[in-house]
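Just so you know, all these numbers are worked out from the coordinates, no wet-lab data involved. Quick caveat, the model's predicted, so the values are computed rather than measured. Glycine gets a Cβ as well: all are built from the backbone with ideal geometry, and neighbour counts include every protein chain shown.
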Amino acid sequence: MQVNDAQTLVLCALADGPLHGYAINTAIEELAGRRLGPGSLYGALTRLEAKGLIEPIDGTGRQHPVRLTPSGRAVLERELRSMARVAEAGLRRLGVAPA
Amino acid sequence: MSLARGLVRLYPGCLRDRWGDQLETEARAQGWRSWPNLVVRLLDMWLHPVVWPTTSGTQRRGRAAVMSIAVALTGWWWGYVLGGQNEPPPPHVHSWLSRACELLLLAGLVLVAPCPRPTAGCVISVCRRALRRLALPALLAGMVLARVHLGVTHLPVLVRHTLLAGWWVVLAMGAIQVCHVVARLETDIAAPPRARRLRLGIGLTAAAFVTNGLRVLGVALARGGAEPWALVLTVGLLLLTITCAATLHDLQIVSTVD
């Protein structure tokens, strides 16, 4: 996965707790500065569910909230640590102090 | 009906059941700028049936089987229409390789095909559905063949070409109906192949496409250069090989969940 990968962004958005699709995209907009296209968002949700990284919880009406599974939390943590290592090394080489 | 709603309706049924309302709400909120994204992801989702929402691994394998059969029949039809019209007639130095490709494709189809449960009722049910679906293509194919056997050399060129195009359409109809029959088989009537058999079948199908693509290019080069029909056929087979590889990849990533 990459930092702008739709699946990583969705996992990050869900790190705080369960959300439904529209709220996930709002959280992504706050995180990355842009909303995912509807096809990309629900394609990512479909794939993450197939991989067992997110799961549905009981929703109301037309909303179907989802949450991270323990496996999804572990994958997200691993990915973020890996990205942080790369970012830190890159900034050091540039002579810039990490934020 | 808005275009966004129309596009959402083209998504696979199980995806619409799960996300349809939210997908449409998001598409409406983003307006026309979301349409290209909806179209690209629509194609993406139809090419990846293994990741669609489901309640069981059996259903996933069933979908992968249908996908594999559809891809195999598409490759066979594509090769028949393009290769059959342009390749030199046998005996040819590549004819044994052509036979090997057909055998690989056939083996792939046999391996991915769901097996009817071993009871008379299940076998009869499968046969009845196949007969119902394939009756019309078989009837039309019979009509075209009968006309050809009556002689076509005296017919105008336009009529001969129409007969040929009709034959191709009938074959495509038959292939589509075979996919319909397999897609609508319930698991209590026919069991989808087990994971290893399924992967082997898809792998053989991909191997058949790669071998056939290389063979077609070889034939074209032997005739003095890569002709357009050979390039088109090879690119088509390459795309189908990539589809097989994507299905194998999807089966791999969902295997830990199932």
Query raised in the report: If you go through region B:34-58, how many residues are within 12 Å of chain A (Cβ to nearest Cβ) and part of a helix (DSSP H, G or I)?
Result: 17
Query raised in the report: If we scan region A:24-45, do we find a residue that is more than 14 Å from chain B (Cβ to nearest Cβ), over 26 Å from B:Val50 (Cα atoms) and without any contact (Cβ under 8 Å) to a residue 12 or more places away in the chain?
Result: yes
Report summary line: Here the residues within region A:38-58 that are in a loop (DSSP other than H, G, I, E, B) and over 13 Å from A:Val10 (Cβ atoms) are A:Gly52, A:Ile57, A:Asp58
Query raised in the report: Filter region B:111-132 for residues that are of a type in the set (Gly, Ala, Ser) and part of a helix (DSSP H, G or I); which is farthest from B:Ala183 (Cα to Cα)?
Result: B:Ala120
Query raised in the report: Say we look at region A:79-98 and pick out the residues that are closer than 23 Å to A:Ala15 by Cα and out of contact with any helix residue (DSSP H, G or I) (no Cβ under 9 Å at 6 or more places or on another chain); which of these is surrounded by the most Cβ atoms within 10 Å (Cβ to Cβ)?
Result: A:Ala87
Query raised in the report: Can you tell me which residues in region B:234-258 are within 11 Å of chain A (Cβ to nearest Cβ), of a type outside the set (D, E, K, R) and part of a helix (DSSP H, G or I)?
Result: B:Leu251, B:Gln252, B:Ile253, B:Val254, B:Ser255
